Amino acid sequence: MTLARYTLQHHRHFQKKLKKGARLSAVQFRGATRERLDPSVTAVEYEQSVPIGPMRVSRVSGQALIDQLVRRIFEGGPTQHVVTANAQFYVLAERDARFRQCLAEADYVCADGLPIVRMCNWMGAADIERITGVDLIPLLCERAAQFGLPVYFLGGSPGSAAASASLLMDRYPKLRVCGVGCPPKGFENSPEILTEVLRSIAAAEPSIIFVAFGAPKQEYFIQQHIRSLGIPVAIGVGGSFELLAGIRKRAPRWAQAAGMEWAFRLAQEPRRLAGRYLVGNSVFSFYALRYLFSEQALQAHDAFHAHLHKAGDELEVPGTERNREVG
C-alpha cells in the first residue's frame, strides 16, 4: 500500500484521535507506576557514561532509559534531550565544536550504530546496548499510551510523520498524539515559518516530541528551541519515520547484527547515500582508530574503570559483610 493511499484511508481515523493531552499529576503517577516501572533502577546508573573521543555514550539499557524518561516527565525539570548517535554523529563531533558541545549538553547519548557500540566495548564497557531511534519510538509510545502522555511527531519526509503516528495509534489505541508537523526544507531560516512551527508545538503541550530532521539539524533544533518550550522529553530520531511508515525497508536482523545496515540502505538509495557511507565510513574509521590507539584513549580507559570501581564501592552498604557474619 502506498503512503498516499494509506494516509487517505486513515486520515479521518487519525484526525479523530489527534487530541491535545494533559499531563498526569505526580500523585496519579506514583499510583500508576507501582507495578509498571522497574524499582531497581537508580540514579547512579544514569550518571555513568563511556568516553569515546569527542563524545560520551550513556551506559543505560533501552528499558531503563524509558523508565527514567517517564519518571522525569512527572517529576518535572528541564527538557531531557536524548541523542541516538551513529558513526555520522562521531564524525560531526570530531569536525564541529558546536555539535560536540551540543552532544556534551545532551542528557543521554545512546549508541544507535554498531560501530559506536564496538568502540565502547573496546573501552571496557561490555554492557553497552544498541538503542536505535526506530526501536525507541514504538517502545516509548507504548509507555506513553499506558500513562496517557501526549506525543508529537515532527519532521521526516512529507507524510511520514503522519503515517508513523497513525500506525502507532492503531498499535496502541490509547496513544495520544497531540500533534504532527512536517515543515518545509529550510524552514528554520524563515522567521515566520519557524515561529508558526514553534507556536504549534507549544499549543499542543506534548510530554514527548520526536524530531526527525537528521543530524546535526535536529540536535541544534532541540537545543535552541525545544528546551525553551519546556517539553519534558525530546528525542532526535533521524530517518526513523520513513522506516516505521514503510517508505523505506529496514535491513534484516542478520544485517543489523553484523553492522551492515549501511550497505542495505546504500543498495536502496545509491545516488543519495554513496558519499555519506562510502566516504563517511572511511572517515569514521580513520577518526576512530586514531583515537583508540592514542594516549588519550588509554588514559580515558583507565579513568573509566577507576570510576566504575569507585561507583561500586559507594553503592555497597556499610557493615553488610559484618552483619552477615554476625547472623
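Checking each residue in the range 68-117 for being without any contact (Cβ under 8 Å) to a residue 24 or more places away in the chain and touching a strand residue (DSSP E or B) at 6+ places or on another chain (Cβ under 9 Å) picks out only VAL117.
Here the condition is being of a type in the set (Lys, Arg), at pLDDT 95 or above, surrounded by fewer than 19 Cβ atoms within 10 Å (Cβ to Cβ) and assigned to a helix (DSSP H, G or I); of ARG71, ARG12, ARG30, it holds for ARG71 alone.
Taking residues in the range 157-170 that are over 12 Å from GLY181 (Cβ atoms), and partners anywhere that are surrounded by fewer than 21 Cβ atoms within 10 Å (Cβ to Cβ) and among the charged types (D, E, K, R), the pairs with Cβ atoms closer than 7 Å and at least 6 places apart or on different chains are MET169/LYS17. No other residue among ARG118, ARG143 is among the charged types (D, E, K, R), closer than 22 Å to GLN88 by Cα and assigned to a helix (DSSP H, G or I) apart from ARG118.
For the range 202-245, a residue qualifies if it is part of a loop (DSSP other than H, G, I, E, B) and touching a residue at least 60 places away in the same chain (Cβ under 8 Å), and the qualifying residues are GLU205, PRO206, SER207, ALA215, PRO216, GLY230, ILE231, PRO232, VAL237, GLY238, GLY239.
Check the range 82-89 and report whether any residue there is at pLDDT 95 or above and in a helix (DSSP H, G or I). For the range 82-89, residues at pLDDT 95 or above and in a helix (DSSP H, G or I): present.
Answer yes or no as to whether ILE128 is closer than 30 Å to LEU292 by Cβ and either in contact (Cβ under 8 Å) with a residue 24 or more places away in the chain or in a helix (DSSP H, G or I) (or both). Yes, satisfied.
Of the residues making up the range 45-88, those that are closer than 26 Å to MET260 by Cβ and over 13 Å from the mean Cα position of the chain (by Cα) are VAL50, ILE52, GLY53, PRO54, MET55, ARG59, ALA87, GLN88. Here ARG271, ARG276, ARG248 are screened, and the one residue that is over 19 Å from the mean Cα position of the chain (by Cα), charged (D, E, K, R) and in a loop (DSSP other than H, G, I, E, B) is ARG248.
Among the conditions (1) among the hydrophobic types (A, V, I, L, M, F, W, C); (2) under 27 Å from GLY181 (Cα atoms); (3) crowded, with 22+ Cβ neighbours inside 10 Å, the only one that ALA87 does not satisfy is (2). Scan the range 118-137 and give yes if some residue there is in contact with a Leu (Cβ under 6 Å, 6 or more places away or on another chain) and surrounded by 18 or more Cβ atoms within 10 Å (Cβ to Cβ), otherwise no. The answer is yes; a qualifying residue exists. In the range 146-204, of all residues being polar (S, T, N, Q) and buried (at least 22 other Cβ atoms within 10 Å of the Cβ), the one that is farthest from ASP67 (Cα to Cα) corresponds to SER160.
The set of residues from the range 94-115 being closer than 25 Å to MET260 by Cα, over 17 Å from the mean Cα position of the chain (by Cα) and not in a helix (DSSP H, G or I) is empty.
The values are calculated or read from the model by the stated rules, or taken from the named source; none is laboratory data. The structure presented is a predicted model; accordingly, all values stated were derived computationally and were not measured. Virtual Cβ from ideal backbone geometry, glycine too; neighbours counted across all protein chains shown.
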